[in-house]
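Asks: One structure follows; several queries about it will come next.
The values are calculated or read from the model by the stated rules, or taken from the named source; none is laboratory data. Keep in mind that what you see is a predicted model, and the values were worked out from it rather than measured. Note: ideal-geometry Cβ built from the backbone for every residue, glycine included; neighbour counts use all protein chains shown.
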Amino acid sequence: MNDEKLQKVLARSGYGSRREMERWIEQGRFSINSDKATLGDRVTRRDIVRLDGRVIELVADVDSPRRVLIYNKPVGEVSTRQDPEGRPTVYDHLPPLKNARWIAIGRLDINTSGLLIFTSDGDLANKMMHPSANIDREYAVRVLGNIDEDMIARLKEGVLLEDGMAKFTDVQFFDGDGANKWYHCVVMEGRNREVRRLWESQGIKVSRLKRVRYGSVFMPSDVKIGTWKELDNKEVKAIAKQLELGDKKPLKMKPAEKAGFERRYKNQRVRQEVGRKRKD
């Protein structure tokens, strides 16, 4: 590993996004060779890095395949690794990684379902979440109330919320009769509850909200609620190319590791089918 910034290496190693690692560094949670780490510090293979006093393993760029997984989040799960209230988290059902951790690309609040993207590569996560990437997010939303063209025009032009101006870049009617209707709407930012707050600013109640697209990544119909699917090397390479990231070595699993991963993928389908039959 060449001389690199600490937060970049930590993100690549799966401890969190680059911005999250910067916050942890500022909080004094890391040390390098027994000295407290500060923003701007750089590390190499020879350095010993500790998190909360415990020695951690860092992954060199050449040793880290770029992996991407999509997860269909159900309502009721939180988007943090651990929850002080003991609620289920989106990480509970993800397959384990060897010498890395899944990093969530953006978050969804507890009452929002749909597409969540996870990656083992901190650089990819940072690129996809950074405002300069101009990556849009599309949501399917079921709303209750009377909606007209003037309202849609206001939502697309911009509304002043408590944390600044916000808007939809696109709003399209999708389906529904009567008071409850489905719309698809697109935002360019990932602000907290932004979609709900935009509709609520017009006196419209949101009864269901689901993310269906993040940039070029869509939620496939075969990924059922509460299950995940890993993208193949070709799909991952296409995303990296769009983000102008360099190539990395393709993922290669040992037979036993691949069999275990595929077994977990199949088992989640079995669990879901058992749960459906119990409800019936």
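Asks: Right, I25: in the same structural domain as A104 (by TED's automatic domain parsing) and within 26 Å of the chain's Cα centre (by Cα) or not? It would help to see each step written out before you state the result.
Replies: Details: in the same structural domain as A104 (by TED's automatic domain parsing): no; within 26 Å of the chain's Cα centre (by Cα): yes.
No.
Asks: Of all residues in the stretch 164-188, count the ones that are within 23 Å of G215 (Cβ to Cβ) and part of a loop (DSSP other than H, G, I, E, B).
Replies: The qualifying residues number 4.
Asks: Listed residues L58, L97; which is more than 23 Å from M219 (Cβ to Cβ) and more than 13 Å from the chain's Cα centre (by Cα)?
Replies: Details: L97 fails: more than 23 Å from M219 (Cβ to Cβ).
Criteria check complete, one pass: L58.
Asks: Let me ask something additional. So A11 ticks every box in (1) assigned by TED's automatic domain parsing to the domain that holds G122; (2) within 24 Å of D232 (Cα to Cα); (3) aliphatic (A, V, I, L, M) but one. Which box is left unticked?
Replies: Status for A11: all satisfied but (1).
Asks: Looking for something surrounded by 17 or more Cβ atoms within 10 Å (Cβ to Cβ), of a type in the set (G, A, S) and on the phi < 0 side of the Ramachandran plot - is there at least one such residue anywhere in the stretch 177-185?
Replies: no
Asks: Given the residues G226, G203, G164, which is the only one that is farther than 13 Å from V141 by Cα, out of contact with any strand residue (DSSP E or B) (no Cβ under 6 Å at 6 or more places or on another chain) and outside the structural domain of R142 (by TED's automatic domain parsing)? Walk me through it before giving the result.
Replies: Values: G203 fails: outside the structural domain of R142 (by TED's automatic domain parsing); G164 fails: outside the structural domain of R142 (by TED's automatic domain parsing).
Among G226, G203, G164, only G226 is farther than 13 Å from V141 by Cα, out of contact with any strand residue (DSSP E or B) (no Cβ under 6 Å at 6 or more places or on another chain) and outside the structural domain of R142 (by TED's automatic domain parsing).
Asks: Which condition does D121 not pass, out of (1) in the same structural domain as W182 (by TED's automatic domain parsing); (2) in contact (Cβ under 8 Å) with a residue 40 or more places away in the chain, if it passes all the others?
Replies: Among (1) in the same structural domain as W182 (by TED's automatic domain parsing); (2) in contact (Cβ under 8 Å) with a residue 40 or more places away in the chain, D121 violates only (1).
Asks: If I filter the stretch 67-77 for residues that are free of Cβ contacts under 8 Å to residues at least 24 places away in the same chain and buried (at least 17 other Cβ atoms within 10 Å of the Cβ), do I get at least one hit? Talk me through it step by step, then tell me what you get.
Replies: Step one: of the stretch 67-77, the residues free of Cβ contacts under 8 Å to residues at least 24 places away in the same chain are none.
No, there is no match, as no residue in the stretch 67-77 is free of Cβ contacts under 8 Å to residues at least 24 places away in the same chain and buried (at least 17 other Cβ atoms within 10 Å of the Cβ).
Asks: Go through the stretch 101-115 and give me each residue that's assigned to a loop (DSSP other than H, G, I, E, B) and over 9 Å from the mean Cα position of the chain (by Cα).
Replies: R101, W102, D109, I110, N111, T112 - these are the residues of the stretch 101-115 that are assigned to a loop (DSSP other than H, G, I, E, B) and over 9 Å from the mean Cα position of the chain (by Cα).
Asks: Still on this structure, please answer the following. Taking V195 as the residue in question, decide whether it is surrounded by 15 or more Cβ atoms within 10 Å (Cβ to Cβ) and either in a helix (DSSP H, G or I) or assigned by TED's automatic domain parsing to the domain that holds V78 (or both). Show your work before the answer.
Replies: On the way: surrounded by 15 or more Cβ atoms within 10 Å (Cβ to Cβ): yes; either in a helix (DSSP H, G or I) or assigned by TED's automatic domain parsing to the domain that holds V78 (or both): yes.
Yes, satisfied.
Asks: If you scan the stretch 206-223, which residues turn out to be within 13 Å of N111 (Cβ to Cβ) and out of contact with any strand residue (DSSP E or B) (no Cβ under 8 Å at 6 or more places or on another chain)?
Replies: Pass one, the stretch 206-223, residues within 13 Å of N111 (Cβ to Cβ): 206-211.
Matches in the stretch 206-223: none.
Asks: Oh, and also: With respect to R263, is the statement that it is at pLDDT 80 or above and more than 19 Å from the chain's Cα centre (by Cα) true? It would help to see each step written out before you state the result.
Replies: Values: at pLDDT 80 or above: no; more than 19 Å from the chain's Cα centre (by Cα): yes.
Judged against the criteria, R263 is not a match.
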